[in-house]
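To keep things clear, I will list the structure first and then write my remarks on it.
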Amino acid sequence: MPTVHTTACPLDCPDACLLQVTTEEGRVTRLDGASTEITGGFLCRKVKSFDRHLYSDQRLATPARRVGPKGEGRFEPISWDEALDLIVREFSQRVEVHGGETILPLSYGGSNGLLSQDTADARLFGRLGASRLLRTVCAAPSGRAASGLYGKMPGVGYQDFAAARWIALWGVNPSASGIHLVPWIRQAQKSGARLVVIDPRRTPLASQADVHLAPRPGTDLVLALAVIRWLFTTDRADLEFLGTHSSGWQELRARAEPWTVARAASVTGLPVEALEQFASDYADASPALIRCGWGVERNRNGGSAIAAILALPAVAGKFGVRGGGYTMSNSGAWRFAPTVAVGAPPPPTRAINMNQTGRALLEATPPITALFVYNANPLMTLPQQSAVRFGLEREDLFTVVFDQVMTDTAAYADVVLPATTFLEHRDLARGYGNTVLHRIEPVVEPVGEARSNVDVFGDLVRRFGLAVPGEATSAEDLEALVLRSADGERDLGERLDREIEVQPATGERPVLFVDSFPRTADRKVHLVPDDLDREAQSQGARLYEYRPAPTEDQRYPLALISPALRRTVSSTFGQLYPEAVALEIHPDDAAARSLVDGSPVRVFNDLGEVRCDVQLSERVRPGVVVLPKGLWSHNTANGSTSNALCSDHLTDLGGGATFNDARVEVEPV
Ligand SMILES: Nc1nc2c(c(=O)[nH]1)N[C@H]1C(S)=C(S)[C@@H](COP(=O)(O)OP(=O)(O)OC[C@H]3O[C@@H](n4cnc5c(=O)[nH]c(N)nc54)[C@H](O)[C@@H]3O)O[C@H]1N2
Ligand SMILES: Nc1nc2c(c(=O)[nH]1)N[C@H]1C(S)=C(S)[C@@H](COP(=O)(O)OP(=O)(O)OC[C@H]3O[C@@H](n4cnc5c(=O)[nH]c(N)nc54)[C@H](O)[C@@H]3O)O[C@H]1N2
Ligand SMILES: [Mo]
């Protein structure tokens, strides 16, 4: 008899869907979206077909030890006891020689479940005195900007998009990256809202928008500053709002002053009239809503760009009405402190920025000799891929990869450990768009011998002799600790027993500057916060100071961007799609290089090269080429992906990755 279980999706996505999972004889046979207001009874294709991942023939079923050279992916099964004892032995030997910092735990977004990271894992690595990982590969610049200006005040909820009369999707592609927002945008359009998309590519929603602005990648800062300047010089800035609710607007105005529309047009590659029209439409519209995405942050100006975009609704006076203002990450709706599970605070060991993992593996002193990868596929997702690869190839490096499937990174491991998926373990999930909190309970037994993060890290804590008597170790007990750590919330455990979806205390649909205010000390928006300004200066420019891409290097005239693919979440599920992926290029750029549709090419710069075919496409603006993020080595002819062409240069704020700041040349092979 089929049984339907209600659970939730914790993948790295804004939507936080509630799921109905059908099982028959202990196997998952079907996944559907529950009929909640946001999930709306439908799922993205990734999770709809999650059973393909769950039962993938590349699923890791047992722990295993490497038998061939690193990278080849030949392993022999071993028992959990053997694997964990081997890890304890190898890690301990290295710690004895080099100290605890020789260990680098490397994790990111594989599971956004609250129990799968920062709980038992943090306990283990904290007590070992391991190096600390700065988790900066995504949302670090935007998080810094949102904290500095608004103290991470959550933005407009999905439902309130329907109330907006003007919506700008700025560097975000919900048709791939969070599809449950799309019906709300459509509903707004049906009620007469204007839709503007700002993206160097014609995304699906750009095709259906009233206006599509396709700026050169990395120039959003200039575009936003030009609008700010225009609002002030045409007396359309809301001085009353700024006087009451902000600080620093005079300084922001001064910093925007150089950016006349004409100058901004030449930098962004947009027509002067389009910029003026955009600014005046925005000034006229209400409720006007900017939905900012993550495409914008991934370049040298990314932090300042996000800050300038988030400043727009303050300058234009767009808050105070339902559907007006901004929305980006709403992760600030919940303030959990999962590391309460750790107990005593860990020692302040050295910090390694994950965007410079390759460099750290090759150059750090004391050296990194023990690497533990979980919730991540760094070889395929981090910048400067060839340096990461060289690092992973080091014979003296002992690498553990704990994953659900045999990823490209796992092929370099000394020991692989099989991880459960969210259908096989307990967890807590909450989105960063839709802000509901869900409890996840397993619906099937683990495939093979797969185990959860909580179990494996807990087991390692014991085997290293680092357990503290009486501390919480089970998923249930850790869950209770995490729930109790939530600032400003009460009785979350009991509420999750009663309700299938729990809303944060801030409410699901705050009207900004009416129900919800910045979480800064004075509840005002700080338009030029000192700490952000200092941080940006330490990276070579003041806050809001535009840094052009170097123009002296004419060898690499094309800008490469790497947006999200519909079928994967970053690289998760990539084992299911081995087919070749093409580089999108504008026909004019192709013609200039004697390329036709399907031509095999090398895409290259000083950091590396990718070999693949080209696909001619009017969807990208001239001067821009596209190779999606999250590819696996099997998707290109030489096993490298766009990450091989991305430098480990950091963003102006937050130490973020500059994936959309790569410059390349393309030539036929
Ligand atoms: N299906 C699917 N869903 C996902 C993910 C996935 O990989 N696949 N990833 C998840 C994660 S980890 C994240 S962070 C979010 C990301 O969600 P999004 O922000 O929507 O993702 P991206 O596709 O990285 O970037 C959005 C858009 O920015 C554009 N862009 C690139 N450079 C620039 C620029 O300089 N300026 C402007 N204005 N636009 C630019 C790209 O063309 C792209 O269309 O999605 C999450 N959801
Ligand atoms: N070129 C380029 N690269 C990018 C980006 C870009 O825009 N351009 N965007 C970046 C972004 S937005 C992000 S967020 C990063 C994401 O980069 P990563 O954090 O590396 O994310 P994934 O590639 O999804 O890999 C997650 C892995 O975790 C595993 N996993 C899932 N759940 C669990 C679990 O419970 N336990 C364990 N042990 N493992 C689990 C999955 O099987 C998967 O292999 O990639 C970045 N990479
Ligand atoms: Mo991300």
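The values are calculated or read from the model by the stated rules, or taken from the named source; none is laboratory data. Predicted, not measured: the structure shown is a model, and the values here were computed from it. Here the Cβ is made from the backbone with ideal geometry for all residues, glycine too, and neighbour counts use every protein chain on show. Only protein heavy atoms, including side chains, enter the accessible area calculation; ligands, DNA and RNA are left aside. Shrake-Rupley method; radii C 1.70, N 1.55, O 1.52, S 1.80 Å.
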Need one value: the accessible area of E508 in square angstrom, 1.4 angstrom probe, rounded to the nearest 10. 70 Å²
Over the stretch 120-161, what per residue volume does the convex hull of the Cα atoms give, in whole Å³? 131 Å³
In square angstrom, what is the accessible area per residue of the stretch 412-504 with a 1.4 angstrom probe? 39 Å²
Here D for the stretch 203-301, in µm²/s, from Stokes-Einstein with a Kirkwood Rh over Cα pairs at 4 °C and 1.567 mPa s, works out to 89 µm²/s
Gyration tensor (Cα) of the stretch 282-368, equivalent ellipsoid semi-axes in angstrom: 38, 20, 9
For I440, residues with placed amide H under 5 Å, excluding near neighbours: D427, L428, A429
Rounded to whole Hz and in sequence order, give me ³J(HN,Hα) for the stretch 646-657 from the Karplus expression 6.51 cos²θ - 1.76 cosθ + 1.60, θ = phi - 60°, writing x for Gly and Pro. 9, 7, 9, 4, 9, 6, 5, 10, x, x, x, 7
What span do the alpha-carbon atoms of the stretch 202-250 cover on each of the three principal axes, reported in whole Å from largest to smallest? 39, 21, 20
Residue-averaged 222 nm ellipticity for the chain, from DSSP H runs of 4+ at -39500 (n - 2.57), nearest 500: -8000 deg cm²/dmol
Overall form of the stretch 558-668 per C-alpha gyration tensor (a/c, 1.5; a/b vs b/c): oblate
Treat every Asp and Glu Cβ in the stretch 141-328 as -1 and every Lys and Arg Cβ as +1, leave all other atoms uncharged, and give the resulting dipole magnitude about the Cα centre to the nearest 20 debye. 500 debye
The correct pair for the stretch 611-669, radius of gyration to one decimal and Dmax as a whole number, both in Å and from Cα atoms, is 13.0, 39
Would you please calculate the Kirkwood hydrodynamic radius of the stretch 282-436 over all C-alpha pairs and express it in Å, rounded to one decimal? 19.5 Å
I want to check a number: in the chain, how many lysine pairs have alpha carbons closer than 30 Å, given a sequence separation of 8 or more or different chains? 11
Each residue of the stretch 308-320 in turn: what ³J(HN,Hα) in whole Hz from Karplus with 6.51, -1.76, 1.60 and θ = phi - 60°, glycine and Pro shown as x? 5, 5, 5, 6, 3, x, 6, 5, 7, x, 9, 7, x
Express the carbon and sulfur contribution to the solvent-accessible surface of the stretch 394-532 as a percent, rounded to the nearest whole number, probe 1.4 angstrom. 45 percent
Beta carbons within 10 angstrom, averaged per residue: use that to sort the peptides 490-501, 354-365, 422-433, 200-211, highest first. 422-433, 354-365, 200-211, 490-501
Quick check: pseudo-label points 7 Å beyond the Cα along Cα→Cβ at R542 and Q554, how many nm apart are they? 3.4 nm
Which value, in debye to the nearest 20, describes the size of the charge dipole of the stretch 558-668 about its Cα centre when Lys and Arg Cβ atoms bear +1, Asp and Glu Cβ atoms bear -1, and nothing else is charged? 320 debye
Among 86-93, 58-65, what's the highest-first ranking by average C-beta atoms within 10 angstrom per residue? 58-65, 86-93
Average the reciprocal distances over every distinct pair of alpha-carbons in the stretch 1-152, invert the result, and give the Kirkwood radius in Å. 19.4 Å
Please get the size of the charge dipole for the chain, origin at its Cα centre, with Cβ charges of +1 on Lys and Arg and -1 on Asp and Glu, quoted in debye to the nearest 20. 940 debye
For the peptides 66-77, 300-311, 470-481, 139-150, what is the packing order when you average, over each peptide's residues, the other Cβ atoms within 10 Å and list the highest mean first? 300-311, 139-150, 470-481, 66-77
Given a 1.4 angstrom probe, what's the average accessible area per residue across the stretch 519-601, in square angstrom? 49 Å²
As a Kirkwood estimate from alpha-carbon pairs, the chain has a hydrodynamic radius in angstrom of 25.6 Å
Label point distance in nm, A467-A262, each placed 7 Å from Cα along Cα→Cβ: 7.4 nm
From the Cα trace of the stretch 411-461, what convex hull volume per residue do you get, rounded to a whole Å³? 130 Å³
Give me the percent of accessible area attributable to carbon and sulfur for the stretch 3-54, probe 1.4 angstrom. 44 percent
R602 versus S207, label points 7 Å from Cα toward the beta carbon: distance in nm? 3.5 nm
Mean separation of Cα contacts under 8 Å, 6 or more apart, over the residue count of the chain: relative contact order %: 21 percent
Amide H neighbours of V601 under 5 Å, counting only residues 5+ apart in sequence or on other chains, H built in-plane at 1.01 Å? C612, D613, V614, V669
D_trans [Stokes-Einstein, Kirkwood Rh over alpha-carbon pairs] for the stretch 141-328, 4 °C, 1.567 mPa s, µm² s⁻¹: 80 µm²/s
Averaged over every viewing direction, what's the projected area of the C-alpha convex hull for the stretch 172-239? Give it in nm², one decimal, please. 5.8 nm²
Report the net charge of residues surrounding P14, where surrounding means a beta-carbon distance below 12 angstrom and charges are Lys +1, Arg +1, Asp -1, Glu -1. 0
Computed on Cα atoms, Rg of the stretch 451-537 relative to 2.2 N^0.38 Å comes out at 1.66
Using the eigenvalues of the Cα gyration tensor, what equivalent ellipsoid semi-axes result for the stretch 3-54 when each is taken as the square root of five times the eigenvalue, whole Å, largest first? 18, 13, 8
Residues whose built amide H sits under 5 Å from the amide H of L106, excluding neighbours closer than 5 in sequence, are F372, V373, Y374
Residue by residue through the stretch 422-436, the couplings from Karplus 6.51 cos²θ - 1.76 cosθ + 1.60 with θ = phi - 60°, in Hz, x for Gly and Pro, are 5, 8, 10, 9, 8, 6, 10, 10, 8, x, 10, x, 6, 9, 5
